[in-house]
Each structure stands twice: as C-alpha cells, then as structure tokens.
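Please read the structure below before turning to the comments.
No value in this document is a laboratory result; all are computed from the given coordinates. All figures in this text were calculated on a predicted structure; none of them were measured in a lab. We place every Cβ from the backbone using ideal geometry, glycine too, and count neighbours over all the protein chains shown.
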C-alpha cells in the first residue's frame with residue numbers, strides 16, 4: 001500500500017516537476033543538451049530485475065580492503081568523526097560499517113580466505129520480517145534497505161540479521177551526503193549503491209574500487225548479464241545456505 | 001470467610017511523601033541519564049554494533065515479564081475460583097499495569113528515535129512480533145483496567161469472571177509474544193528456540209509472584225495490616241513451585257541444546273567458558289536466583305520466617321534480572337555462526353575473531369534508565385494504593401480462609 005502511494009506520489013511529483021521545469025527552462029533546453037539523468041526514476045521499481053552480486057574470493061588479495069574504502073567514500077561513511085570524549089576503541093565498535101573484510105580459516109583444511117562481507121540482500125530477509133514499522137524493506141528489484149523516515153531505532157533487525165550486516169548510528173551527524181542520508185538513532189546497511197542503480201548506473205562503488213575484479217554486480221534475472229554468466233560458469237555458494245534465505249550475494253572460492 | 005473490606009493505604013503522610021520523594025529522586029536521576037543518552041546518542045552507552053540491546057532491555061524485558069506474572073494472583077481468584085486469592089486481585093491488577101508501564105517506558109526511551117513512537121503506533125508490519133507486541137501491551141493495559149473496574153465497581157461485579165478469563169488468556173499470549181522476540185530469531189544460536197515462549201511464561205509466574213509478595217508484605221507491614229500465615233505460606237509455596245518450574249525449563253533448554261552438536265559451542269560459552277556470562281549464569285541465575293530461594297522457601301523452619309520469605313523473594317527478583325542479562329546480553333555476545341565450518345581469524349567488524357565473545361561494558365546511564373523503570377512501577381503502585389481502595393484491610397487467617405474456625 002505504502003509502496004503504491006509512494007509511486008503515485010513519485011509520479012505526481014515527477015509530472016509536476018517536469019511541467020514546472022518545462023515552463024522555466026524551455027528557452028534554454030537546447031543549450032542544456034537534454035540531460036536525461038533523472039529519467040529512470042520515473043519508472044517504478046519492478047521485479048523483472050533482481051540485483052545481485054558475485055564475489056570471487058579467489059581473486060581477493062590478503063590485506064586488501066579497497067572495496068571497503070570505496071564503499072565508505074561513496075556512502076559518506078568516511079565523513080563520520082569520533083564524538084569528542086569518546087574512547088577510540090569503543091567508538092570503533094560503534095562506528096557504522098556497510099562493508100568489511102573478513103579472513104576465515106577452514107576448520108578442517110586450514111585453508112585461509114579473505115572476503116568482503118555486507119548485506120546479502122536476501123529474498124526472504126529476516127530483518128524485514130522483524131521490523132515493527134516496515135522501515136526495513138525489500139524493493140521489488142531485490143535491494144534490501146532501510147526507510148530512515150520510519151525507522152524508530154529499535155535494532156531488532158540487527159538482532160535478526162544472520163550476517164551482522166547492519167549498523168546503528170550512535171552519534172550526532174554533522175556531515176553527510178545527499179545520496180546517503182543518515183541520522184542519529186537509525187539503522188542502515190549496504191543498499192547496493194541504490195542511488196547509482198536508480199540513476200541507471202550498472203556498477204556499485206565496491207565493484208569499481210576492486211583492483212582485482214573480484215566483485216561483479218548486476219541483474220540475476222537476466223541470463224545474459226555479466227553476473228549471471230559468471231555465476232553459471234563456476235560453483236558458488238551463499239552464506240548460511242541452511243537458512244534458505246536465497247541471498248542476492250554469492251561467493252566463489254569458500 | 002468474612003467479607004473483605006478494602007481501604008486506601010493509610011501510612012502517615014511524612015512516611016508516604018518521604019517514600020515518594022526517594023522514588024522521585026531516582027526518577028529525576030533516571031530522567032537526566034535518559035536525556036543525556038538521547039542528546040548525545042548511544043555512543044555514550046556501552047552498546048555497540050555487536051551488542052545492540054544492552055542493560056535497558058534487560059530491565060525492560062524483566063519488568064514486562066514480571067508484569068504479566070503479577071496478574072496471575074488475580075487469575076487464581078477469578079479464573080481458578082480460589083476464594084483465598086480473591087482479596088489479592090486488586091493489587092495484582094494494579095501491580096501488573098504499573099510494572100508493564102515501567103518496562104515499556106524503558107523500552108521506548110532506549111529507542112534510537114523515541115520521538116517516533118507515533119510511527120510505531122501507526123505504521124505496522126504484521127509479520128513482526130514486535131508489532132504484535134505493541135497491540136498486546138496496549139491491549140493488556142486496557143483489559144486489566146476493565147478487569148480492575150469489574151472488581152472494584154459493585155455494578156460491574158457480574159462481569160468479573162469473564163474479564164478475569166480474558167485478562168488471563170491475554171497475559172499468556174503477551175508473554176508468548178515477549179518470549180518469541182527471542183524465539184523467532186533464527187540467526188542467533190542462543191535464541192531460535194520454541195521453548196523461549198513457555199520459558200518466559202513460567203519465568204513471569206516466578207518473577208511476578210516474587211515482586212507481588214514483596215510489595216504486599218511491604219505495604220501491609222508499613223500500614224500495620226495483618227497477613228495471616230495461611231495466605232502467606234500458600235503464596236510462598238507457590239513462589240517455590242514457580243521457581244522450580246523455571247529451573248526445569250532452564251534444564252530442558254540446555255539439555256536439548258547439549259544434544260545437538262551445532263549448539264555445543266554456544267553451550268560451552270554459557271556453561272563453561274563465557275567469563276562473566278558463565279559466572280552470572282551459575283552464580284546469579286542458578287544458585288542465587290533459583291537454588292537458594294528454593295532451599296529457603298521449602299525449608300520447614302526458614303520457609304515460615306517472614307524475613308526469610310522476603311530474602312527469598314528478593315533473590316528471585318535479582319536472579320530474574322541476572323537471567324535476563326544472560327539471555328539478552330550473553331545471547332548477543334556469543335558470535336554468530338556466519339561461517340559454520342570456518343574460524344574467523346581477522347575481521348574489520350568485530351565478529352568473534354577466534355570465537356572470542358563480543359565486547360560489552362554496560363554504562364551507568366543505562367542502569368539508571370533501567371532503575372527508572374522500576375521506580376515508575378513502584379511509584380505508580382504506591383500512589384495507586386494510596387488514593388484508591390486496592391489493599392484489603394486485613395489478610396488475617398480468619399478473614400481470608402474459607403475453612404477457618
């Protein structure tokens with residue numbers, strides 16, 4: 001219901017906006033050269049696509065965290081500063097992460113792998129199930145994210161997420177990016193760079209930042225997309241497959 | 001059995017206002033602590049992105065669980081028709097409401113965005129047990145208020161059994177909902193168990209009864225009203241049975257876990273290697289919270305001493321808070337099995353490197369907020385008994401016992 005309203009509102013705003021824009025900038029329209037960046041946003045999000053990602057951990061280099069750096073820069077996480085008087089160690093536990101690297105060792109073979117972890121964009125996300133207000137939601141195109149207008153900061157989604165993908169904003173925010181708004185007392189997590197997706201871009205910041213080509217993002221429903229082809233090519237796995245959440249993020253080499 | 005007369009709490013004014021003043025100070029300090037946490041954000045607490053629910057949740061859940069349990073005493077009178085408990089029903093209802101309000105207040109004030117309570121009350125995701133709980137809590141307050149009305153207003157007396165039944169069923173559903181907050185969490189080893197719901201129900205029986213006994217004995221003692229041995233010994237025996245039932249559920253919970261290999265690491269954490277959580281489990285919850293009070297309550301000599309009954313009740317309450325700490329914090333401190341067949345040897349986000357528990361050091365403001373909830377519950381109760389006729393004039397044997405004399 002609320003999605004429908006949102007769409008209607010969005011359509012109304014777009015139409016109204018276009019009308020206003022047409023009146024105001026009609027004389028200069030040829031000069032602007034028909035900038036159409038906002039065009040895709042007028043289309044409702046559909047389930048014809050399902051966004052997903054393949055992470056090839058065999059390509060991940062030990063000690064590399066370029067994807068994390070790329071993510072934090074893209075989503076304004078690098079702008080956060082430790083509150084005055086905070087204990088640096090404690091603050092490090094409270095600082096939000098959308099992405100992090102993890103090094104794991106196989107209990108039997110001792111094989112070591114390094115991999116990035118983030119929201120796995122489940123088809124059946126436990127965070128969405130438990131959220132009392134519906135702030136934690138899954139878009140039709142498979143992106144799981146938080147509506148920070150109705151998040152009350154109860155942190156139940158953080159209790160429910162099997163991947164520890166979510167962060168709570170513990171402090172006042174003075175600097176942020178308009179593409180990734182955040183506020184004290186709300187929960188947030190990786191949203192597959194949804195602002196890029198909605199602008200018609202085809203890559204995420206972590207993918208762009210990876211020097212080893214270990215991350216492939218795309219439409220899992222399109223058999224010809226790069227990610228679908230890569231997933232077909234070699235075996236891959238989902239984390240906590242036993243939970244049958246059908247994650248949108250898949251790993252190779254672990 | 002004589003007719004029961006109820007009278008307002010008649011202790012002298014200086015004593016009454018002194019009591020309220022003490023509680024007022026606790027409330028003021030708790031209020032300041034809450035404002036501080038709200039203003040600064042949760043970074044001033046010990047909570048972090050690993051332990052997301054801290055001490056406020058421990059208190060809030062304890063109070064909510066105890067609230068539903070405090071209503072049982074009324075239910076024994078109306079649902080199960082035990083005449084001897086009928087006279088205790090009014091205080092039972094009042095205490096249940098007061099404890100619930102105290103617990104909810106703590107829960108709400110610990111939200112990241114408490115000002116969005118209106119969002120929580122108007123925007124629902126009905127797959128969320130949290131959303132159901134909002135209905136269950138509000139419904140509980142309304143139903144118990146009506147139940148109290150049917151007890152206290154003569155014209156409404158005829159609806160008393162029906163209201164009692166609805167209230168009792170509702171309280172069972174409510175505690176099922178509270179236990180299911182944890183029971184439904186598939187991601188975490190310590191939760192994700194259907195037994196959480198009935199375990200919380202039986203915990204509510206014990207904690208609600210312990211608090212009820214303490215409040216009853218305190219208010220009666222201060223006002224010089226008699227409680228006969230007959231009733232008191234029945235209540236303390238019930239408390240002993242409830243604590244034994246909690247013990248049984250804890251035993252079954254851990255034995256079931258111990259049987260499955262996948263839970264061995266979690267069990268080793270709580271029962272053996274978990275440091276503070278292991279200490280709290282054995283020392284606080286099992287020994288002081290269950291075994292010692294059971295020993296006192298069922299002891300032929302000690303069990304008849306009023307001082308010992310008070311001590312046992314206090315221990316049950318303390319053990320209950322410790323139990324919540326072990327469940328809420330211990331359950332989060334144990335690292336999640338994101339990679340069940342692997343060991344995490346390095347992590348950029350504190351996820352239990354080499355199986356190490358996650359760090360949480362509770363802060364003072366969190367405790368103060370929790371104590372504030374307790375103070376709200378006690379203040380509401382004391383004001384309630386002062387202004388309305390909640391307390392029987394006497395609970396002496398000849399008044400309450402239908403078979404006396």
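Assorted remarks:
- Each label was represented as a point 7 Å from its Cα along the Cα-to-Cβ direction; for residue A:124 and residue B:271 these points are 3.1 nm apart.
- DSSP assigns beta bridges within the protein assembly as shown; of those with both partners inside it, close to 85 percent run antiparallel.
- Shielding of A:174-187 by partner chains, average beta-carbon count, 10 Å: 2
- Using alpha-carbon coordinates, inclination of helix B:196-223 to the longest axis of chain B, degrees: 40 degrees
- Gyration tensor (alpha-carbon) shape descriptor, the protein assembly as shown, a/c threshold 1.5: prolate
- Euclidean distance between Cα centres, the stretch B:26-41 to the stretch A:159-224, Å: 34 Å
- For the pair the stretch B:154-196 and the stretch A:94-154, the centres of their Cα atoms are 31 angstrom apart.
- Calculated mean residue ellipticity at 222 nm for chain B: -20500 deg cm²/dmol, from DSSP H runs with n ≥ 4 weighted as -39500 (n - 2.57), summed, divided by the residue count and rounded to 500.
- Per-residue average of Cβ from other chains inside 10 Å of A:109-115: 2
- Label-point gap, in nm, between residue A:237 and residue B:388 - each point 7 angstrom along Cα→Cβ: 6.0 nm
- For chain B, modelled as a GNM whose springs connect Cα atoms under 10 angstrom apart, the maximal fluctuation among B:277, B:160, B:137 occurs at B:160.
- Helix B:364-387 axis, angle to chain B major axis (alpha carbon atoms, nearest 10°): 20 degrees
- Listed peptides A:158-169, B:68-79, B:179-190, B:284-295 by packing density, highest first (mean Cβ within 10 Å): B:68-79, A:158-169, B:179-190, B:284-295
- Per-pair calculated FRET efficiency, R0 = 45 Å: residue A:48 and residue B:346 via Cβ, rounded to 0.05: 0.70
- Separation between Cα centres of the stretch B:336-358 and the stretch B:291-314, rounded to whole Å: 44 Å
- Cα long-axis angle, helix B:129-152 against chain B (0 to 90 degrees, to the nearest 10): 10 degrees
- Among the residues of B:176-188, the average count of other protein chain beta-carbon atoms within 10 Å of the residue beta-carbon is 3.
- Each of the peptides B:23-35, B:5-17 was scored by the mean count of other Cβ atoms within 10 Å over its residues; in descending order, highest first, they stand as B:23-35, B:5-17.
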